[in-house]
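Participant: Questions regarding the structure given below will be posed in turn.
Any read-out appearing in this document is the output of simple, stated calculations on the displayed coordinates, not a laboratory observation. For clarity, every value in this text was computed on a predicted model and none was experimentally measured.
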Amino acid sequence: MSSWHMRSTRDDARCGCPSGAIFGHIEDNANDHHAEILAAIRDKDADRASETMTAHIESTRRTIESWLKR
């Protein structure tokens, strides 16, 4: 994860702002993984951070794909 993305995600999590604010619609679960990702980074658990970030990216991909099928 780039340092910019880490700072952005951290700042968004602190203020409760969705990182996905570029979208016209935010799903209720859009930020579900953010706290867990940040906790893993804080705990220096690279494997957990990677797994959770991958799950978040895949979930977001599936959501966007479902929007495109509408």
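Participant: Would you mind calculating the gained length between Thr63 and Ala35 on full extension (0.36 nm times residue separation, minus the Cα-Cα distance), in nm to one decimal? Please report the intermediate quantities before stating the final value.
Facilitator: Numbers: separation 28, 0.36 × 28 = 10.08 nm, distance 1.94 nm.
Full extension from Thr63 to Ala35 adds 8.1 nm.
Participant: Same structure again: Determine ³J(HN,Hα), in whole Hz, for all residues of segment 48-63 in sequence, where each value follows from phi through the Karplus function 6.51 cos²θ - 1.76 cosθ + 1.60 and θ = phi - 60°; x replaces Gly and Pro.
Facilitator: 5, 4, 5, 4, 5, 5, 4, 4, 5, 5, 5, 4, 5, 4, 4, 4
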